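Here's a structure for you.
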Amino acid sequence: MSEPLLRIADLHLAMRSFDGEAHVLNGIELTVRAGEIWGVVGETGCGKSLTGLSVSRLVPSPPARYLSGQILLEGRDLLRATEAEMRALRGRRVGMIFQDPTTNLNPLFSIGTQLIDVALHAARHSPDILDDAPRGRRRRAARALAVRMLEKVGIRDAAVRIDDYPHQFSGGMRQRVLIAMALIGRPRLLVADEPTTALDVSVQAQILQLIYDLVRERGLGVMFITHNLAVVAELCSHVAVMYAGNVVESGDVRAVLKSPAHPYTRALLAAVPVAGTRRGSLAGLPGTVPSLIDPPPGCRFASRCASAGPDCLGGKPPMVPLGETHQAACLRLTSGAG
Amino acid sequence: MLRIENVGKTFGGARLFGRGKAVTALSDVTLHVPRGQSVGLVGESGSGKTTLARCVLLLDRVTSGRILFDGTDLSRLTRREMQAMRARIQIVFQDPYASLNPRMTVRDTVAEPMEIHRHRLKLRAGGRTDRVVELLERVGLAAQHLYRFPHEFSGGQRQRIGIARALASAPELLVLDEPTSALDVSVQAQILTLLTDLQAQLGLTTLFISHDLAVVRYICDRVAFLHHGRVTEEGTTEEVFTAPRSDYARALLAAMPNPDPDRSFLARG
């Protein structure tokens with residue numbers, strides 16, 4: 001196997017708040033290789049977005065504080081990088097797309113201007129993006145690249161539409177523009193934070209297809225953050241299930257979704273209605289994610305878990321390998337895995 | 001119970017200077033919601049789902065056609081009659097963070113419809129608090145929550161408060177406008193369970209607006225697909241989901257992500 005694109009190792013993040021310091025990431029482990037699409041799922045407040053933002057070092061600190069761990073991007077620890085170094089990496093090594101395509105585009109500039117800015121910025125560190133165009137021709141080269149990127153993400157008449165403003169595009173089109181913007185600097189890793197949540201199903205299907213095709217074509221590694229398990233099943237090759245700042249189960253998408261081992265993964269899957277779910281038989285998950293300011297000792301899921309016992313409060317349960325690419329952190333796996 | 005007959009709704013036309021182009025939000029929509037049943041209204045953003053709901057709730061007047069509720073033509077009601085009718089048709093909104101007044105306690109929020117419709121409900125002021133407690137218990141909350149404010153509750157709990165408020169005037173028809181799309185799946189499952197229980201206990205008739213096909217398939221007896229302001233497909237949930245007749249319904253169902261990784265529509269190598 002090749003060297004991983006991204007390796008997050010034992011990442012701990014604390015966040016200061018009025019009530020005290022919350023331990024929001026509690027030893028995250030995640031490895032993404034080129035060509036893999038990792039779905040990161042879990043309820044609101046489980047740390048999915050913070051994990052994604054950490055990869056771009058976009059979590060403001062303070063109030064956040066990294067306690068320990070590493071975020072290795074192509075072998076280089078981002079937690080030790082300076083802000084200037086991070087600026088050189090964002091958009092060029094890591095691309096990001098977010099949930100709301102409306103607020104992430106500046107309404108006052110044409111999309112062309114915004115794409116060209118990103119391309120020029122990236123070209124400062126890797127001139128090959130613009131085919132090593134000399135100084136005076138860089139802007140023109142960046143514009144040509146922007147048109148090509150827009151065509152790639154499926155914007156028709158890209159050469160004309162490049163001068164349009166964000167409000168002239170529909171939600172799905174804006175998300176395509178943002179994908180073009182995230183990929184214009186040729187990053188190897190794409191972090192997508194709920195990119196289809198605000199879209200209609202038919203548009204969502206198109207965007208998923210687009211991401212899928214781009215991954216196959218460019219060998220990207222993707223971290224796809226979502227709360228929609230059906231979308232994960234559709235798009236992702238791997239999945240990491242997060243709960244209260246921990247990855248509780250991870251592995252190949254088929255292994256995890258077809259034979260979920262962790263009680264939390266099972267509960268999440270049981271909450272999604274599928275064809276043939278009898279009305280009234282849907283199982284909700286009682287309770288909420290515990291407070292992370294003074295989290296319960298041991299397994300953080302224990303308070304909502306039907307099969308929890310006193311030993312679950314002893315300490316953080318270790319990851320148990322269940323197959324070549326499948327692991328879960330639970331003490332009750334033998335009785336739990338059916 | 002609710003009969004929507006050939007309803008059309010056009011917006012605009014008049015502009016500040018001269019005349020603008022009128023937008024047709026609904027054209028020739030016919031839909032029947034039988035008593036005690038749950039009818040799903042599915043469509044993409046801009047398809048006219050919410051406009052239709054607003055017309056049913058008497059928040060907008062239809063341009064053509066008529067909406068019959070229990071035999072009464074809603075578009076012919078006077079203001080006073082309309083006000084009385086609102087007790088019988090209630091709504092639960094999408095966003096439980098935006099649809100509750102942050103400065104009102106749970107008790108006041110749920111009691112407000114009782115006060116507005118006091119002539120119909122015939123509840124004395126003292127009886128209202130008891131009724132609020134009864135409603136809170138019905139939706140899975142308790143008396144201890146009476147004097148708390150919305151910010152003290154989670155999203156799922158807030159949606160329960162919204163449902164309690166909608167039930168306060170003892171409505172016969174409940175319009176649910178995307179009631180679970182702002183919630184986590186785990187919480188969504190709880191709210192869906194609550195809704196099915198309520199429907200069974202109270203014999204409610206519901207119009208369930210959603211763009212989530214999986215939820216509609218789970219909770220609705222019948223379903224109608226709305227596309228560009230027209231009903232393109234209508235039938236029992238079973239029929240529509242297993243054998244859709246219109247191209248639009250087929251396309252939408254094909255785009256629906258499937259939680260089984262082996263049935264992904266993306267060709268996997």
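Working carefully through the options B:PRO257, B:PRO179, find the one that is crowded, with 18+ Cβ neighbours inside 10 Å and either more than 21 Å from the chain's Cα centre (by Cα) or farther than 28 Å from B:LEU26 by Cβ (or both).
Matching residue, one of B:PRO257, B:PRO179: B:PRO257.
Run down B:ALA164, B:ALA87 and say which single residue is crowded, with 19+ Cβ neighbours inside 10 Å, in contact with a His (Cβ under 9 Å, 6 or more places away or on another chain), under 30 Å from B:PHE69 (Cβ atoms) and aliphatic (A, V, I, L, M).
The match here is B:ALA87.
Pick from A:GLY172, A:GLY136: which is within 14 Å of chain B (Cβ to nearest Cβ), of a type in the set (Gly, Ala, Ser) and part of a helix (DSSP H, G or I)?
Within the list A:GLY172, A:GLY136, the selection yields A:GLY172.
Could I ask something else about it? Give the residue, chosen from B:LEU198, B:LEU194, B:LEU213, B:LEU207, that is buried (at least 21 other Cβ atoms within 10 Å of the Cβ), closer than 21 Å to A:ALA271 by Cβ and of a type outside the set (Phe, Trp, Tyr).
Only one candidate passes the filter, namely B:LEU213.
Quick one: would you say B:ARG118 is over 30 Å from A:PRO290 (Cβ atoms) and out of contact with any helix residue (DSSP H, G or I) (no Cβ under 6 Å at 6 or more places or on another chain)? Please lay out each step first, then the result.
Values: over 30 Å from A:PRO290 (Cβ atoms): yes; out of contact with any helix residue (DSSP H, G or I) (no Cβ under 6 Å at 6 or more places or on another chain): yes.
So B:ARG118 passes the test.
Exactly one condition in (1) assigned to a loop (DSSP other than H, G, I, E, B); (2) under 25 Å from A:THR288 (Cβ atoms) is false for B:SER169; which is it?
(2)
Per-residue answers, yes or no, for (1) within 14 Å of chain B (Cβ to nearest Cβ); (2) farther than 19 Å from A:LEU183 by Cβ:
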{"site": "A:LEU30", "(1), (2)": "no, yes"}
{"site": "A:VAL41", "(1), (2)": "yes, yes"}
{"site": "A:CYS46", "(1), (2)": "yes, yes"}
{"site": "A:LEU78", "(1), (2)": "no, yes"}
{"site": "A:THR82", "(1), (2)": "no, yes"}
{"site": "A:MET96", "(1), (2)": "no, no"}
{"site": "A:GLN114", "(1), (2)": "no, no"}
{"site": "A:ALA119", "(1), (2)": "no, no"}
{"site": "A:SER126", "(1), (2)": "no, no"}
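Another one. May I ask you to list the residues in region A:220-252 that are farther than 20 Å from A:GLY35 by Cα and among the acidic types (Asp, Glu)?
A:GLU249
Select from region B:228-269 the residues that are touching a Gly at 6+ places or on another chain (Cβ under 8 Å) and of a type in the set (Ser, Thr, Tyr) and list them in ascending order.
Passing the criteria: only B:THR237.
Of all residues in region A:260-293, how many are among the polar types (S, T, N, Q), more than 7 Å from chain B (Cβ to nearest Cβ) and assigned to a loop (DSSP other than H, G, I, E, B)?
So the answer is 2.
Find the residue count for region B:220-243, including only residues that are under 9 Å from B:VAL39 (Cα atoms), hydrophobic (A, V, I, L, M, F, W, C) and within 13 Å of another protein chain (Cβ to nearest Cβ).
1
Sort through B:GLY140, B:GLY155 and tell me the only one that's within 23 Å of B:ARG107 (Cβ to Cβ), within 12 Å of chain A (Cβ to nearest Cβ), touching a Lys or Arg at 6+ places or on another chain (Cβ under 7 Å) and surrounded by fewer than 23 Cβ atoms within 10 Å (Cβ to Cβ).
Result: B:GLY140 is the single residue among B:GLY140, B:GLY155 that is within 23 Å of B:ARG107 (Cβ to Cβ), within 12 Å of chain A (Cβ to nearest Cβ), touching a Lys or Arg at 6+ places or on another chain (Cβ under 7 Å) and surrounded by fewer than 23 Cβ atoms within 10 Å (Cβ to Cβ).
Can I ask one more? Looking at B:ARG263, B:ARG250, B:ARG230, which one is under 26 Å from A:LEU208 (Cα atoms) and at pLDDT 90 or above?
Values: B:ARG263 fails: at pLDDT 90 or above; B:ARG230 fails: under 26 Å from A:LEU208 (Cα atoms).
That would be B:ARG250, the only listed residue that is under 26 Å from A:LEU208 (Cα atoms) and at pLDDT 90 or above.
Here's another thing I want to ask about it. Give the number of residues within region A:88-113 that are over 18 Å from the mean Cα position of the chain (by Cα), surrounded by fewer than 19 Cβ atoms within 10 Å (Cβ to Cβ) and not hydrophobic (A, V, I, L, M, F, W, C).
Looking only at that region, the number is 6.
The values are calculated or read from the model by the stated rules, or taken from the named source; none is laboratory data. Note that this is a predicted model, so its numbers are computed, not measured. When we count neighbours, we look across all protein chains shown, and the Cβ atoms used for this are built from the backbone with ideal geometry, even at glycine.
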